[in-house]
Amino acid sequence: MSPADDHALLVNEAARALPPFKPLPQKAPDVSIEKTPDGTYYVRSNHPPAEGPRSIAHLLADKAAAHPDRPYILQRAPGHGPWQGVTYGEAKRAADGIAQWLLIQGLTGADSVMVLSANSVEHALVMLGCYTAGVPIAPISPAYSLISTDHAKLKHCFATVKPRVVFAQNSAMFARAFETLKALDPTLRFVTVDGGEGTIPLAELTATAPTAAVDVAREALTHATVAKYLFTSGSTGMPKGVPQTHGMFAGVIAGTEGLRDEPADPDVIPQVLDWMPWSHISAGNIGFNGAMWGGATLHLDEGKPIPGLFETTIKNLYEISPMGFGSAPVAFGMLVEAMENDPRLRASFFKNLRSCGYGGATLSNDVSERLQKLAIAETGYRIPLTTMYGATETQGITVVHWITELVGLIGLPLPGITLKLVPNGSKLEVRVKGPTVTSGYHNDPEKTAAAFDDEGFYKLGDACRFLDPDKPELGLVFDGRVTEDFKLDSGTWVSVGTLRPDLVAACTPYAFDMVIAGQDKPYATALIWPSPAALPTLGDNPLEKLTEVLKARIAAFNATAGGSSRRIARFAIMIEPPSIDAGEITDKGYVNQRATLERRDALVKALYANPPGPGVVEV
């Protein structure tokens, strides 16, 4: 029995004495499993998908007609001022104007509009205008323009989609990026909110009077129409451009609606607060489209789960009490810590809350248990924790849609999705086919051909396993990246995807994140980034005290870890933060194991030197 299974038994035993969960109006798990002689599994939901929208542009038109005066997208005025934004009716009128302007410029589905800046009301209007006109939008990470020193990824993304129009929130802030792009294409047109020198003010676009051409463009949209290009994180080279169709968007909505166990209350307007960037599928597609489908009011959170910015999220949560709250696991860790010391925040957060969703990584058991303790204290109930698993190329493909005592599951396939789990060494490699999956990479037939197997299933490069092979309805567990796992010189496999989050949790709150090394070595080691928030709490000589704390935490982890595949023999603390330019971390805070190990090869060599190199700690 694995450590995860042991924990599951302990959790189930302890849960019997805890209060019940709040109801989760989702259908119970119901899957079909087909196993072939070679050990391959095909996994499908028995729940049929619901009917999704024709396109996101049609969905906007429908919602604007149904409740034109309902607040739709809101953002704070500068200086944490009052919420301001647009209603559904205003958003549709602005989107139609932008669509008309794009059509006048002669843009078609063969062109694109690139967005350099972060989430904003104006960014949303440009996105909706592009959807309406049938012109793909290409939002990229603002870090490629603002933090990068060489603009290499910005230039790569530009060359991939060849936009004719570039949008950014502020002309001065993005002036350096504009100059880089002008050098690549002097005919580019730049649109900004402030209308700075050399740019067109967005107000000119939104004020354009829509004609019948806009209606014609909208009616021409199909599920095959490319709505957007999103770029992968670039973990194995430069980011790859992934076409996102309206059918992919609709597939996620149809799948999630197919799991709904009761109709939505038309008198309830969901309030959504979200910080995650629109240059990724989680917020830019699944969250954004889902909020519109539910007729929600979307509040743009300018906070982030990093010291100095998470305080903004807390201020927003004093006013916004969401029905559902989704974020990266790091945000839940910071939120729990804040609520433990702030009864007012706790009361506001749980006031309307029905469930929480985490994604991108596993939520630690420690954070989960502390969150439930807070929920019980405030409401008398535990809060259902859900998660959706997917990729830029696939949207969301599995979801935990039932109440479970466990964290770390990736759930079961959405209705309409087929998972193919293929034996790969000791693991099951995840492949997927369905309406949410892209047809390939933009202008890259070689990478497209390599990404799909002979049955047309997209290969994610991840591994998973059944929590209980005899009870597949209990769900699937993430089992690491096939390409990240490695063998020690003893031939023992190290599952990085499970070891790393468990070790981070054991070192909470002192470790921000870490990478695991040890391929073809006698033991596993760790390179650890310290938590910036924890260092000031350690008094004088914080690094020295941090080293002592981490050594003790890792020693305790090793004591219960079992075999060599779960034990850390040495570690080193990395003072230099992860580099976005080098691909060590994405703007959502997800760490790239391979890129970090390659860039910090000298530190890895120090971990295995005899005697150990400077800064290396033996456990």
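The values are calculated or read from the model by the stated rules, or taken from the named source; none is laboratory data. Since this is a predicted model, take the numbers as computed values, not measurements. Cβ: placed from backbone, ideal geometry, glycine included. Neighbour counts: every protein chain shown.
What are the residues in the stretch 452-479 that are closer than 20 Å to residue 244 by Cβ and in contact with an Asp or Glu (Cβ under 7 Å, 6 or more places away or on another chain), if any?
458, 459
Would you be able to say whether some residue in the stretch 589-599 is under 15 Å from residue 484 (Cβ atoms), among the polar types (S, T, N, Q) and touching a Phe, Trp or Tyr at 6+ places or on another chain (Cβ under 7 Å)?
Quick first cut of the stretch 589-599, residues under 15 Å from residue 484 (Cβ atoms) only: 590-598.
Going one step further and asking which of them are among the polar types (S, T, N, Q), we end up with 592-593, 596.
Next cut, touching a Phe, Trp or Tyr at 6+ places or on another chain (Cβ under 7 Å) only: none.
Checked the stretch 589-599: no residue is under 15 Å from residue 484 (Cβ atoms), among the polar types (S, T, N, Q) and touching a Phe, Trp or Tyr at 6+ places or on another chain (Cβ under 7 Å).
Considering only the stretch 296-338, state which residues are in a loop (DSSP other than H, G, I, E, B), more than 15 Å from residue 276 (Cα to Cα) and touching a residue at least 24 places away in the same chain (Cβ under 8 Å).
Residues satisfying the conditions are 296, 307, 320, 321, 322, 323.
In the stretch 351-388, which residues are crowded, with 20+ Cβ neighbours inside 10 Å, in contact with a Ser or Thr (Cβ under 8 Å, 6 or more places away or on another chain) and either assigned to a helix (DSSP H, G or I) or charged (D, E, K, R) (or both)?
Selection gives 367 alone.
Against the conditions (1) touching a helix residue (DSSP H, G or I) at 6+ places or on another chain (Cβ under 9 Å); (2) farther than 29 Å from residue 289 by Cα, where does residue 397 fall short? Just the number, please.
(2)
Assuming residue 173 fulfils every condition listed in (1) in contact with a Pro (Cβ under 6 Å, 6 or more places away or on another chain); (2) surrounded by fewer than 24 Cβ atoms within 10 Å (Cβ to Cβ) apart from one, which condition is it?
(1)
Show me the strands (runs of 3 or more DSSP E) found entirely inside the stretch 421-523 where at least 1 residues are farther than 22 Å from residue 395 by Cα.
Per the criteria, 427-433, 511-517.
Does residue 190 fit the bill of being more than 30 Å from residue 62 (Cβ to Cβ), not in a loop (DSSP other than H, G, I, E, B) and not assigned by TED's automatic domain parsing to the domain that holds residue 415?
Answer is yes for this residue.
Just to be sure, is residue 276 under 21 Å from the mean Cα position of the chain (by Cα), surrounded by fewer than 20 Cβ atoms within 10 Å (Cβ to Cβ) and part of a loop (DSSP other than H, G, I, E, B)?
No: the conditions fail for residue 276.
Condition (residue is out of contact with any Cys (no Cβ under 9 Å at 6 or more places or on another chain), modelled with pLDDT of 95 or more, under 26 Å from residue 253 (Cβ atoms) and among the aromatic types (Phe, Trp, Tyr)) applied to the stretch 151-158: is it met by at least one residue?
Checking the stretch 151-158: not a single residue is out of contact with any Cys (no Cβ under 9 Å at 6 or more places or on another chain), modelled with pLDDT of 95 or more, under 26 Å from residue 253 (Cβ atoms) and among the aromatic types (Phe, Trp, Tyr).
With the condition kept exactly as written, say whether any residue in the stretch 420-431 is in the same structural domain as residue 355 (by TED's automatic domain parsing), modelled with pLDDT of 95 or more and under 19 Å from residue 359 (Cβ atoms).
So far as the stretch 420-431 goes, yes, one or more of its residues are in the same structural domain as residue 355 (by TED's automatic domain parsing), modelled with pLDDT of 95 or more and under 19 Å from residue 359 (Cβ atoms).
For the stretch 549-608, name all the residues that are out of contact with any helix residue (DSSP H, G or I) (no Cβ under 7 Å at 6 or more places or on another chain), of a type in the set (Val, Ile, Thr) and assigned to a loop (DSSP other than H, G, I, E, B).
560, 575, 586
Confirm whether residue 435 is out of contact with any Cys (no Cβ under 7 Å at 6 or more places or on another chain) and closer than 23 Å to residue 286 by Cα. I'd like the intermediate steps shown before the answer.
Working: out of contact with any Cys (no Cβ under 7 Å at 6 or more places or on another chain): yes; closer than 23 Å to residue 286 by Cα: yes.
Judged against the criteria, residue 435 is a match.
Output the number of residues of the stretch 125-177 satisfying the condition of being in contact with a strand residue (DSSP E or B) (Cβ under 6 Å, 6 or more places away or on another chain) and part of a helix (DSSP H, G or I).
Final tally of qualifying residues: 7.
Restricting attention to the stretch 497-515, does a residue exist that is in contact with a strand residue (DSSP E or B) (Cβ under 9 Å, 6 or more places away or on another chain), among the charged types (D, E, K, R) and over 24 Å from residue 610 (Cβ atoms)?
Looking through the stretch 497-515, at least one residue is in contact with a strand residue (DSSP E or B) (Cβ under 9 Å, 6 or more places away or on another chain), among the charged types (D, E, K, R) and over 24 Å from residue 610 (Cβ atoms).
Do the conditions hold for residue 373, that is, is it closer than 29 Å to residue 20 by Cβ, assigned by TED's automatic domain parsing to the domain that holds residue 24 and among the basic types (Lys, Arg)?
Considered against the rule, which asks whether it is closer than 29 Å to residue 20 by Cβ, assigned by TED's automatic domain parsing to the domain that holds residue 24 and among the basic types (Lys, Arg), residue 373 comes out as yes.
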